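What follows is a single structure, written as structure tokens, with notes after it.
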Amino acid sequence: MKKQFRVLSAAMGLSLLASSLGCSPATVDTGNQPQKPSTGSTTGTGSTSGNTSGNTAVVQPSADSPITATHAGTAYKNGDTYLIPDNSPTAGAVALFSEFRERFTIDNPSDKDIQIESVELVGMGDVVAEEFILQDTPIGWRTDENPNRKLEIKDTVLPAATALDVYFRFYPVAGGERKAQVVVTHDGGKKFVLNLVGKGRPDGQLFSKGNLDFFKVVGSVKDELTSTLLGDDKGNLYFSANQKEILDKFSEDILVGSLGGDGSKRWLKIFNGPNKEFQPDPGQNNETGGNQHSMALGPDGMLYIMGSAASVKQNNFFYNLILKVNPSSGELVWGKIWHCAQNTTTAVTSSTAYGLAVDEKHVYVTGQTGDPVAKADGLVSLLALNVADGSLKYQKAFDPVPGSIDRGYAIKSDGKGNLYLGGLSNGRGFLARLSDVQSDAPQINWLKKVDMGVGSNVYGLDVDSKGDVYLSLDRRGAITFHSIAKVSAEGQVMWGKTYPGNQGDKNNSNFIKVIGETVYAGGRTGQSEYDGQMGDALFMKLSASDGKFDWGMFHFSGKGPDELAEHRSKGMALLGNTLYVGGQVYTGSMNHKRYQGYWYDATNPLEDYTPTLGDISGIALQDLPQGRVLDSSLAGKWVDAPEDRVSVQDAMGKQDGSNTDGEFFLSKFTLK
């Protein structure tokens, strides 16, 4: 029997020690002497969906099982509880996403062979798969196929007076007590049970308002910087991102894709030209793709996409790019470029698009433009195209602060002939309400300076049925803030809120959406106890009437070098109780395999915040007489994304990434 077992154990990476030296089997246990457990941070694999693997039924020990378990010379009998680490009730908790390994032997102290049917390490409650893992003894035994050195023991004979040498690996992903059971099933169903209890810190709790169905990533081995996510009433999803070095080996292209509600690919397209094509980041330093206004679904059900296309190979002067796409097939219905002059080769002839909106008649585009007639640049542009064919309705601009760089970032129609625009003006934010926008003579109804500090801006916005507007506020400086606000149709602040983070620059508001009496907002939060270095994705649900916090969640993947990744929410879709959150994941310099962590309850209490709004008077829309609309084929082609370069997959299955790699992520939840 020993010879047979030794052959089997060698194949499985096990070791057997007979207590033939005359010592107690409980203490002669593979040289199992006290040692400092491993606490290094290491990437786990977990389940691809992130769902829990906890066991709802506690396994009861069998009274007639002779098996014991031994650690550091101490034997634990059937049904005992072991506290990780070192069986000490006063020991500290283990940091989330950090590994702690305890060396044990599973002993047969009897004088008869034991037929082991299985050895399992089973999580309890909401414990997830990677938190407790049974491992082989050698710490170096690690492959891409088995990165956690997971050990399977079944159908094995344990001879009398021998022991199995194993490790119990504890890798907490949530705070507080985490429980598991070591269950040895043997000899026709007898059970030996050792209860394990560990603690994680900080006290983050897995998201409690819904169940995660999947976490997907879309991209390549190069960067995809996410702009937004949309959803239609059929359950189809649409996203866009700036993609680098796939078709264009030098600069960005625009990647647009559609996924089914189950996360499967419907179509993936790229707009590729000889120069740079991208959806500009309204924030700073090209941190991410465009904003929530990079795409829109029109009342006609069509998908409208905007971007900017460089007019010269130096990639410093631009056209507006506007595409109308069939959402079912991804085929181009029409594509246009617009520029403010006959030739776009200087700053006063350059026009950069930042956002679009659609009503039943027109596509409206805003951004920054020059005016060659007035010999000025840094104006807020407003372009209207007919939805049917992309022909020009009008081309306008206004200058909130003459002599400064002004840009429109956010734009939304209220469906009643009015537009709201937000953006940057003279280093601060602005908000405008325009009326009669479906006519040939739109007018500025009111224009407000939104003072939140230098470099801050109105990043995104949405409008409710009353005409009240909800703002995603990009508050910049040495310290950044995740702030949102509600402004009445008359231009008065109704409420403002900030989700508090650390005193760093990883707090950003990246989208806001109102549905009925509920506001949803998302972006990035830097929390010192979690990822204060790169930031965690944040998603919140609030009351539209007063901004009261209902619930929130954030996404954290660990602080270790092989886990560190920025996550930020960039858009959402809601269909019944099915919630989709889309965003950007950007891995750290030593992480090219872990794109997914876990969603946790966001519990920081919101702080009141009131931006200062001031009237800007005497500003009117002006014509741009030299502007023109041309076919988008002059700037590039709308083509299929190469299937061998761009993939849709479960995040935990992506093993071919590179360090500092950006991807679009999609999380699906079934809300409770």
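All of the numbers you see were taken from the coordinates with simple rules; none came from a lab. Because the structure is a prediction, the values reported are computed rather than measured. Note that each Cβ is placed from the backbone with ideal geometry, even for glycine, and that neighbours are counted across all protein chains shown.
Of note:
- 10 Å beta-carbon shell around D262, net charge (K/R +1, D/E -1): +1
- Amide H contacts under 5 Å for R266, placed H, 5+ residues apart: S258, L259, G260
- Each Lys and Arg Cβ is given +1 and each Asp and Glu Cβ -1; about its Cα centre, the chain then shows a dipole of about 320 debye.
- Karplus-based coupling profile of segment 388-403, in residue order and whole Hz: 5, 9, x, 6, 6, 8, 7, 9, 10, 7, 8, 10, x, 10, x, x, with θ = phi - 60° in 6.51 cos²θ - 1.76 cosθ + 1.60 and x standing for Gly or Pro.
- Ranked packing of 358-369, 314-325, most packed first, by mean Cβ within 10 Å: 358-369, 314-325
- Alpha-carbon centroid distance for the pair segment 566-592 / segment 144-218, whole angstrom: 28 Å
- Calculated from backbone phi, Karplus (6.51, -1.76, 1.60) coupling profile of segment 489-498 in Hz, x at Gly/Pro: 4, 8, x, 10, 5, 9, 6, x, 9, 10
- Here is how the number arises for the chain: DSSP H runs of 4 or more residues each give -39500 (n - 2.57), the sum is divided by the residue count, and the result at 222 nm is -500 deg cm²/dmol.
- Whole-number D in µm² s⁻¹ for the chain, Kirkwood Cα-pair radius fed into Stokes-Einstein, 10 °C, 1.306 mPa s: 59 µm²/s
- Principal-axis tilt of helix 2-12 within the chain, Cα atoms, nearest 10 degrees: 10 degrees
- Sorted peptide list for 166-179, 247-260, criterion being average Cβ within 10 angstrom, highest first: 166-179, 247-260
- Length-normalised contact order of the chain in % [C-alpha pairs under 8 Å, at least 6 apart]: 13 percent
- In this structure the amide hydrogen of Y394, modeled in the peptide plane, comes within under 5 Å of the amide hydrogens of A384, none closer than 5 places in sequence on its chain.
- Kirkwood Rh in Å, taken over all unlike Cα pairs in segment 326-471: 15.6 Å
- Cα lying deepest toward the dipole's positive end in the chain, options A347, G552, T610, charges on Cβ: A347
- Charge tally for L542 (other residues, Cβ to Cβ under 12 Å; Lys, Arg +1; Asp, Glu -1): +2.
- Electrostatic bookkeeping for D414 treats Lys and Arg as +1 and Asp and Glu as -1; over the other residues with beta carbon under 15 Å from its beta carbon, the sum is 0.
- Taking amide hydrogens as placed 1.01 Å from N in the peptide plane, the amide H of I114 sits under 5 Å from those of L158, A160, each at least 5 positions away in sequence or on another chain.
- Annotation for segment 309-372 versus segment 380-410: alpha-carbon center distance of 10 Å.
- For segment 305-316, Karplus couplings with θ = phi - 60° (6.51, -1.76, 1.60), whole Hz, Gly/Pro x: 10, 10, x, 10, 10, 5, 8, 9, 5, 6, 6, 10
- Packing-based ranking of 498-510, 385-397 yields 498-510, 385-397, ordered from highest to lowest mean Cβ neighbour count within 10 Å.
- Gyration tensor (alpha-carbon) shape descriptor, segment 569-672, a/c threshold 1.5: oblate
- Taking other C-beta atoms within 10 Å as the exposure proxy, V519, V380 rank V519, V380 from fewest upward.
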